[in-house]
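Novice: Provided herewith is a single structure, encoded as structure tokens, for subsequent inquiry.
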Amino acid sequence: MCINMQQKVAIEGDAGWDPCIVKQRCEMVRLWNRLVSLPEERLTRKIFNWDRANRHPWSREVSIILSTSDMHIMFLNNLQCNINCVRQRMFIKYEDQWKQDIWKKPKLRNYVQFKNDYITEPHIFFNLKRRQRSLCAQLRTSTLPLAVEVGRFKGISEELRLCEFCDLQVVEDEFHFVFYCPLYCDLRNSLFESIQLKNPDIFWKYEGDILCWLFENDVFTLAKFIEKAWYLQQSILYPV
């Protein structure tokens, strides 16, 4: 399955795993540590010294890695580096860039309202059904085929991507789907009754905060609602 860059940014943020680029650069630093520890008479060390003296691509890349990690002095003096320290500093820089990127992606307009940190989300660890996990992921990344998303491919202005399943005359986005559309009223009442027992003050919060709380504390109930609501919508669109 092909994913676009906006989905990739959101999926990486939800998974919270060490980015591949950080892992790859840490392995380069690990190799650097091995090379600088070799005796000068070894052929491998001589090739390394030649590469470093001529600033060939590999040595130049290591120099950039250590410079951005505030450890350039280690490169200048052929010293071994603390890999954990390098990993931590690169991860912090990657996280800072990720936080900027999610605000630059128009499709992640709702995602940024309940996702602030590059950490593994609690719902990742829960044993959801495959279909439920897929729908939850689509809802979080704004790729669920609602009118606000489908309308992009039809050339419809965002303010005209109205919900076809109710008379509220509002854009069918993720918040409308979960909180407002009358089509799912019965399903939503069951959802709200369940979560109100666990958090009586939940409905004083903004929709994004409620959704965030659900993903963190009651993802099973939310996933069941999303699955049933989606099946209900699809049964109307494509009756058997």
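Novice: Which residue pairs have Cβ atoms closer than 8 Å, lie 6 or more positions apart in sequence or on different chains, and pair a first residue in segment 152-171 that is aliphatic (A, V, I, L, M) with a second residue that is part of a loop (DSSP other than H, G, I, E, B) and surrounded by 10 or more Cβ atoms within 10 Å (Cβ to Cβ)?
Specialist: If the second residue must be part of a loop (DSSP other than H, G, I, E, B) and surrounded by 10 or more Cβ atoms within 10 Å (Cβ to Cβ), the pairs left are Leu162/Val170; Leu162/Glu172; Leu168/Cys181; Val170/Cys163; Val171/Arg161; Val171/Cys163.
Novice: Being within 24 Å of Leu108 (Cα to Cα), touching a helix residue (DSSP H, G or I) at 6+ places or on another chain (Cβ under 8 Å) and not hydrophobic (A, V, I, L, M, F, W, C) narrows it down to one residue among Glu159, Glu207; which is it?
Specialist: It is Glu207.
Novice: Going by what's in this entry, would Phe48 be described as assigned to a helix (DSSP H, G or I), in contact with a Ser or Thr (Cβ under 7 Å, 6 or more places away or on another chain) and not assigned by TED's automatic domain parsing to the domain that holds Thr141?
Specialist: So Phe48 does not fit the description; no.
Novice: Here's a follow-up. Would you point out which residue out of Asp117, Asp218 is within 30 Å of Lys93 (Cα to Cα), of a type in the set (Asp, Glu) and not assigned by TED's automatic domain parsing to the domain that holds Ile92? Spell out the reasoning first.
Specialist: Values: Asp218 fails: within 30 Å of Lys93 (Cα to Cα).
Within the list Asp117, Asp218, the selection yields Asp117.
Novice: Kindly list, by first and then second residue, each pair from a residue in segment 51-79 that is in a loop (DSSP other than H, G, I, E, B) to a residue that is surrounded by 12 or more Cβ atoms within 10 Å (Cβ to Cβ), limited to pairs with Cβ atoms under 7 Å and residues at least 6 apart or on different chains.
Specialist: Close Cβ pairs (under 7 Å, with a partner that is surrounded by 12 or more Cβ atoms within 10 Å (Cβ to Cβ)) amount to Ser69/Val86; Ser69/Arg89; Ser69/Met90; Asp70/Arg89; Met71/Cys81; Met71/Val86; Asn78/Val36; Leu79/Val36.
Novice: Output the residues belonging to segment 182-235 that are within 22 Å of Leu162 (Cα to Cα), of a type in the set (Phe, Trp, Tyr) and over 25 Å from the mean Cα position of the chain (by Cα).
Specialist: Passing the criteria: Tyr184, Tyr231.
Novice: Conditions: (1) at pLDDT below 95; (2) surrounded by 11 or more Cβ atoms within 10 Å (Cβ to Cβ). Glu40 meets all but one. Number of the miss?
Specialist: (2)
Novice: Now, a different point. Can we say Leu144 is outside any helix (DSSP H, G or I) and buried (at least 19 other Cβ atoms within 10 Å of the Cβ)? Break it down into steps so the answer makes sense when it comes.
Specialist: Numbers: outside any helix (DSSP H, G or I): yes; buried (at least 19 other Cβ atoms within 10 Å of the Cβ): yes.
It is true that Leu144 is outside any helix (DSSP H, G or I) and buried (at least 19 other Cβ atoms within 10 Å of the Cβ).
Novice: Suppose the filter is surrounded by fewer than 18 Cβ atoms within 10 Å (Cβ to Cβ) and assigned to a helix (DSSP H, G or I); does Asp186 pass it?
Specialist: yes
Novice: Test Gln113 against the stated conditions and say whether it is in contact (Cβ under 8 Å) with a residue 40 or more places away in the chain and either not polar (S, T, N, Q) or not in a loop (DSSP other than H, G, I, E, B) (or both).
Specialist: Spelling it out, Gln113 is indeed in contact (Cβ under 8 Å) with a residue 40 or more places away in the chain and either not polar (S, T, N, Q) or not in a loop (DSSP other than H, G, I, E, B) (or both).
The values are calculated or read from the model by the stated rules, or taken from the named source; none is laboratory data. Since this is a predicted model, take the numbers as computed values, not measurements. Neighbour counts are summed over all protein chains in view; Cβ atoms, including those assigned to glycine, are modelled from backbone coordinates with ideal geometry.
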